Amino acid sequence: MSSLKGREIVLGVTGCIAAYKSAELVRHLVKQGACVHVVMTDSAREFVAPLTFQTLSGSPVTTGLFKLYEEKEIGHISLARRADVIVVAPATANIIGKVAGGIADDILSTVIMASMSPVLFAPAMNESMWKNPILQKNLKILKNLSYNFVNPGWGDLACGAQGEGRLAEADDILDEITCMLSTKDFEQKRALVTAGPTCESIDPVRYISNPSSGKMGFSIARALIYRGADVTLVSGPTALSPPRNVKFVPVRTAEEMALAVEDEFGQTDIVIKAAAVADYRPANTALQKIKKENKGLVLEMEKTRDILAALGEKKAGRILVGFAAETQDLFSNALVKLKKKNLDMIVANDVSRNDTGFGTDINKVEIIMADGSVEDLPAMGKDELADRILDKIAQIVKKSELK
Ligand code: CTP
């Protein structure tokens, strides 16, 4: 699983101008179904009022060590125990120094000290502080003790200078949290994912393509990274940014995709072909823009290579997963493709619906296994579906390792 749904996250906010950005982080975490408990230091409260975090997280904000002793449970111990992960964002040089030095003199440093949960720091500070050798030594101490970090980015700093020290983007922090909380059931596996459409040129300014957004393949690649795999993502043109830590290979045509996939296949354990590959391309691409004439235009088309079918022929011990885009007879058409292309599993997708599938954030699929068993999944977001698809593939991996 690589989802934040129902996970308990203690978010420590320390005194830095970037504290306001943590409010956005809370919003994202809550949107993904996480239970967020915010702990603020005294200096953090100089920058943002606890009410902001309380409103966004829907839970009381913890602000002081001693007030908690009035509760039935010992507050900092209960927070420390309940956390699946503790995230400190923004993390000042002060909190990093305290934790590295074993100091627990306020609510946040005490919760961290009392917890066995993994901790993620997202530092934010002025560039000189970031480069200070004492801070760098403290980072090293904490890294050696398996504390996790999302490094700050480069850009405009609150002090007016430009440099390294800006709090990492909320998406990158979220990515890291999800990664830390994910089951690592694809560790030591090398996966190749294809995504997006292909574009087949008619002339220098026109092409034939399809409405694939690439979202499904990108979600699968991201979930594989969270779950510990080494991932290569070969994608046709999309508007998406590649997930962090994937090896990204952008391509345009079916032939370019075939060559990129061939290149990677040798060192791959699992192939997931979510791309919507053109079956035909113009037999000739005009070198100059085709001018309109008074009659119609007939284009001669030739077949592209079926990339997945070719992989099926030289599969050896690899796991091959295909997608089937269908507008009718979903199950029977998909089953034919599964058999013909020698696949372990096929994800059958009804692309005639305009509320799911191509170009949308939601997908509704049936998953068909090589033994003919089927799971009809309800419509769901593509990130969630990526996890469900990987759960099925993990079962195939397990079975193949038992043989
Ligand atoms: N595929 C491929 N190379 C192609 C065409 C398809 O690798 N030239 C892969 C797709 O990435 C997908 C699977 O084959 O995983 C099925 O693709 P789909 O378009 O549904 O079916 P086709 O095999 O192209 O058959 P048809 O278009 O006749 O339905």
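Between the alpha-carbon centres of the range 150-180 and the range 329-388 there is a gap of 38 Å. As a length-normalised measure over Cα pairs under 8 Å and 6 or more apart, the relative contact order of the chain settles at 11 percent.
Just the protein heavy atoms count here, and of the accessible area of the chain at 1.4 Å, carbon and sulfur take up 51 percent.
For residue 12, the amide hydrogen comes within under 5 Å of the amide hydrogens of 39, 87, 88, 89, counting only partners 5 or more places away or on other chains and with H modelled in the peptide plane. Antiparallel as a % of all DSSP beta bridges within the chain, to the nearest 5? About 30 percent, rounded to the nearest 5. Measuring against 20 Å, Cα to Cα, the residue pairs 315/337; 303/341; 315/364; 314/341; 21/140; 31/382 contain 315/364; 21/140 as the ones spanning a longer distance. Computed on the range 197-326, with alpha-carbon pairs under 8 angstrom and 6+ residues apart, the relative contact order is 29 percent.
Dividing the mean sequence gap of close Cα pairs (under 8 Å, 6+ apart) by how many residues the range 8-181 holds gives a relative contact order of 22 percent. Each residue, residue 394 and residue 239, gets one label point 7 Å from its Cα in the Cβ direction; the gap between the two is 3.3 nm.
Across the options 180, 83, 136, the greatest Cα extent toward the positive end of the charge dipole of the range 8-181 (unit charges at beta carbon of Lys, Arg, Asp, Glu) belongs to 136.
Taking the longest Cα principal axis of the chain as reference, the axis of helix 170-181 is set at about 90 degrees.
By the gyration tensor of its Cα atoms, with a ≥ b ≥ c the square roots of the eigenvalues, what is the shape of the range 101-154: rounded for a/c under 1.5, prolate for a/b over b/c, or oblate? Because a/c hits 1.5 or more and a/b exceeds b/c, the range 101-154 counts as prolate. Equivalent ellipsoid of the chain: semi-axes from √(5λ) of the C-alpha gyration tensor, largest first, are 47, 24, 19 Å. For residue 284 and residue 263, the FRET efficiency from 1/(1 + (r/R0)^6), where r spans their Cβ atoms and R0 equals 22 Å, is about 0.25. Taken about its Cα centre, the range 8-181 carries a charge dipole of about 280 debye when Lys and Arg each add +1 at the Cβ and Asp and Glu each add -1 at the Cβ. Taking Cα centre as origin and charging only the Cβ of basic (Lys, Arg, +1) and acidic (Asp, Glu, -1) residues, the dipole magnitude of the chain rounds to 460 debye.
Say R0 is 30 Å: what FRET efficiency, to the nearest 0.05, do residue 27 and residue 156 get from their beta-carbon distance?
Using R0 = 30 Å, I get an efficiency of 0.85.
Specify the inter-centroid distance of the range 3-69 and the range 280-327, based on alpha-carbon positions, in whole Å. One Cα centre to the other: 51 Å.
A protection proxy built from the mean count of other Cβ atoms within 10 Å ranks the segments 115-128, 24-37, most packed first, as 115-128, 24-37. Peptide packing: for 390-401, 5-16, the average count of neighbouring Cβ atoms within 10 Å per residue gives the ranking 5-16, 390-401, highest mean first. Taken about its Cα centre, the range 249-403 carries a charge dipole of roughly 500 debye when the Cβ of each Lys and Arg holds +1 and the Cβ of each Asp and Glu holds -1. One chain, two ends: residue 298 and residue 46. Fully extended at 0.36 nm per residue, the span grows by 83.7 nm beyond their Cα-Cα distance. Evaluating 6.51 cos²θ - 1.76 cosθ + 1.60 at θ = phi - 60° for every residue in the range 197-207, the Karplus couplings come out as x, 10, 10, 10, 6, 8, 8, x, 10, 9, 8 Hz, glycine and proline recorded as x. Note on the chain: helix-only mean residue ellipticity at 222 nm, from DSSP H runs of 4+ residues weighted -39500 (n - 2.57) and normalised by residue number, equals -10500 deg cm²/dmol.
Neighbours of residue 150 by Cβ distance under 15 Å: Lys/Arg scored +1, Asp/Glu scored -1, total -3.
Building the convex hull from the alpha-carbon atoms of the range 260-390 and averaging its projection over directions returns 10.9 nm².
What the phi angles of the range 93-106 give under the Karplus curve with 6.51, -1.76 and 1.60, with θ = phi - 60°, is a coupling list of 4, 5, 5, 5, x, 4, 5, 5, x, x, 8, 10, 10, 8 Hz, glycine and proline written as x. Placing dummy labels 7 Å off each Cα toward the beta-carbon, the span from residue 340 to residue 206 is 2.9 nm.
Each residue of the range 374-386 is assigned a 3J(HN,Hα), and the resulting list reads 10, 10, 9, 8, x, 4, 7, x, 5, 5, 5, 5, 4 Hz, derived from the Karplus form 6.51 cos²θ - 1.76 cosθ + 1.60 (θ = phi - 60°), x at Gly and Pro. Solvent-accessible area per residue in the chain equals 49 Å², computed with a 1.4 angstrom probe and all protein chains kept.
The values are calculated or read from the model by the stated rules, or taken from the named source; none is laboratory data. Worth saying up front: this structure is predicted, and the values here are computed from it rather than measured. In this analysis, Cβ positions are derived from the backbone assuming ideal geometry, glycine residues included, and neighbour counts consider all displayed protein chains. Heavy atoms of the whole protein, side chains included, go into the accessibility calculation; ligands, DNA and RNA do not. Shrake-Rupley method; radii C 1.70, N 1.55, O 1.52, S 1.80 Å.
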